[in-house]
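Visitor: Structure in structure tokens, see below.
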Amino acid sequence: MQRAAFAALGLDATYEALEVKPAELKASLSMLHGSGFRGLNLTAPLKEAVWPELRGATPEAERSRSVNTLRRVDGGWEGHATDGAGFAAWVREAGLRLSGARVTLLGAGGAARAVAPVLATLGASAVTVVSRDASRAASITALGERWNGGTAWSARSLRERPEGASCEVLLRTLSTPDFAAGEETWWDAIVAGGALLDLNYGDRAASTRLAAGKRGLRFEDGLGMLLHQGALSLRYWTGREAPLEPMRRALESAAR
């Protein structure tokens, strides 16, 4: 996606993948800065772990305390969060209406932290955050309540039954493509004609796509969100508007 964008914009740049364990993050950031890299993206579990290493942060990153994009500055890196704005752009493009909707937010990691405030700004009437650890779910609701917008927030454990928590939209932010223990019980709370959004995409969303189809649910995987996240990252690094269609074609080709 980013290589396609660089080519479309005529930029002499490349985008590479590096596997970095949390314990190696600080040294890797120092190496990349010393080598002259202009920017990078982070995936779980590094989105929150990077916070102490930053020289600065954008308001979006400050809001979620979760960072997925870094830009080179003097002496280090500035952090940005494109998850939330990328999610909002994806929802708009897909024609999903969240205003007045009851939403179940499944997961309590960095992606959940980024999208929770956006659910409030998009006008969700109620958000139930569900996680293996109810205390982590409560930390997401506390974040969402700071951006309330009239949204009612609650935190639940995956081990609980979803009584009183029916929803029109279930947003799955779990990084695993496999069903978590107790997850399918929460799917049962999606009303007829509801939607399942999985931030995984491609093969990693195959099992949830199949299960959603069997239940008659609208299904969207996270490829659209990834596209808009990438576009926002590109603009943050270069100041240029992203060429969405070449980026989309590259993503769709890679996901086949």
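Visitor: Give the residues of the stretch 16-39 that are in contact with a Ser or Thr (Cβ under 8 Å, 6 or more places away or on another chain) and free of Cβ contacts under 8 Å to residues at least 40 places away in the same chain, sorted by residue number.
Guide: L18, V20
Visitor: Additional query: Give the residue that is farthest from R63 (Cα to Cα), with candidates limited to residues of the stretch 85-122 that are out of contact with any Asp or Glu (no Cβ under 8 Å at 6 or more places or on another chain) and assigned to a strand (DSSP E or B).
Guide: Among residues in the stretch 85-122 that are out of contact with any Asp or Glu (no Cβ under 8 Å at 6 or more places or on another chain) and assigned to a strand (DSSP E or B), the one farthest from R63 (Cα to Cα) is T104.
Visitor: Filter the stretch 65-78 for residues that are crowded, with 24+ Cβ neighbours inside 10 Å and closer than 28 Å to A134 by Cβ and give the result.
Guide: Scanning the stretch 65-78 gives S66, V67, N68.
Visitor: Is it fair to say A231 is surrounded by 15 or more Cβ atoms within 10 Å (Cβ to Cβ), within 18 Å of the chain's Cα centre (by Cα) and not in a loop (DSSP other than H, G, I, E, B)?
Guide: Details: surrounded by 15 or more Cβ atoms within 10 Å (Cβ to Cβ): yes; within 18 Å of the chain's Cα centre (by Cα): yes; not in a loop (DSSP other than H, G, I, E, B): yes.
Criteria met by A231.
Visitor: Can you report the number of residues in the stretch 30-59 which are within 20 Å of G107 (Cα to Cα) and out of contact with any strand residue (DSSP E or B) (no Cβ under 9 Å at 6 or more places or on another chain)?
Guide: Residues that pass the stated criteria total 7.
Visitor: Okay, moving on. Hey, among the residues in the stretch 183-214 that are of a type in the set (S, T, N, Q) and outside any loop (DSSP other than H, G, I, E, B), which one's nearest to A88 (Cα to Cα)? Talk me through it step by step, then tell me what you get.
Guide: To start, the set of residues in the stretch 183-214 that are of a type in the set (S, T, N, Q) comprises 185, 200, 207-208.
Applying the additional criterion that residues be outside any loop (DSSP other than H, G, I, E, B) yields 185, 207-208.
On the way: T185: 27, S207: 24, T208: 21 Å.
Out of the qualifying residues, it is T208.
Visitor: Check off (1) buried (at least 21 other Cβ atoms within 10 Å of the Cβ); (2) touching a Leu at 6+ places or on another chain (Cβ under 7 Å) for R132 and give me the number that stays unchecked.
Guide: For R132, the failing item is (1).
Visitor: Exactly one of (1) farther than 19 Å from G149 by Cβ; (2) surrounded by 18 or more Cβ atoms within 10 Å (Cβ to Cβ) is unmet by G34. Its number?
Guide: With (1) farther than 19 Å from G149 by Cβ; (2) surrounded by 18 or more Cβ atoms within 10 Å (Cβ to Cβ) applied to G34, the lone miss is (2).
Visitor: Quick one: how many residues across the stretch 131-159 are in contact with a helix residue (DSSP H, G or I) (Cβ under 8 Å, 6 or more places away or on another chain), part of a loop (DSSP other than H, G, I, E, B) and farther than 21 Å from F87 by Cα?
Guide: Of the residues in that region, 1 qualify.
Visitor: Looking at A180, is it assigned to a loop (DSSP other than H, G, I, E, B) and surrounded by 14 or more Cβ atoms within 10 Å (Cβ to Cβ)?
Guide: Numbers: assigned to a loop (DSSP other than H, G, I, E, B): yes; surrounded by 14 or more Cβ atoms within 10 Å (Cβ to Cβ): yes.
For A180, the condition - assigned to a loop (DSSP other than H, G, I, E, B) and surrounded by 14 or more Cβ atoms within 10 Å (Cβ to Cβ) - is met.
Visitor: Hey, among the residues in the stretch 234-245 that are more than 19 Å from E93 (Cβ to Cβ) and not hydroxyl-bearing (S, T, Y), which one's surrounded by the most Cβ atoms within 10 Å (Cβ to Cβ)? Walk me through how you get there before you give the answer.
Guide: We begin by selecting, within the stretch 234-245, every residue more than 19 Å from E93 (Cβ to Cβ); these are 236-240.
Of the ones still in play, those that are also not hydroxyl-bearing (S, T, Y) are 237, 239-240.
Details: W237: 20, G239: 7, R240: 12.
Ranking the candidates gives W237 first.
Visitor: So which of R215, R248, R156, R204 is of a type in the set (K, R) and surrounded by fewer than 17 Cβ atoms within 10 Å (Cβ to Cβ)?
Guide: On the way: R248 fails: surrounded by fewer than 17 Cβ atoms within 10 Å (Cβ to Cβ); R156 fails: surrounded by fewer than 17 Cβ atoms within 10 Å (Cβ to Cβ); R204 fails: surrounded by fewer than 17 Cβ atoms within 10 Å (Cβ to Cβ).
Within the list R215, R248, R156, R204, the selection yields R215.
Visitor: Of everything in the stretch 222-242, what is free of Cβ contacts under 8 Å to residues at least 12 places away in the same chain and farther than 17 Å from R72 by Cβ? Give them in sequence order. Give the steps one after another, and end with the answer.
Guide: At the first step, the residues of the stretch 222-242 found to be free of Cβ contacts under 8 Å to residues at least 12 places away in the same chain are 235, 239, 241.
Selection gives E241 alone.
Read-outs throughout are calculated quantities, based only on the coordinates presented, and are distinct from any laboratory measurement. Everything numeric in this text was worked out from a predicted model, so none of it was measured. In this analysis, Cβ positions are derived from the backbone assuming ideal geometry, glycine residues included, and neighbour counts consider all displayed protein chains.
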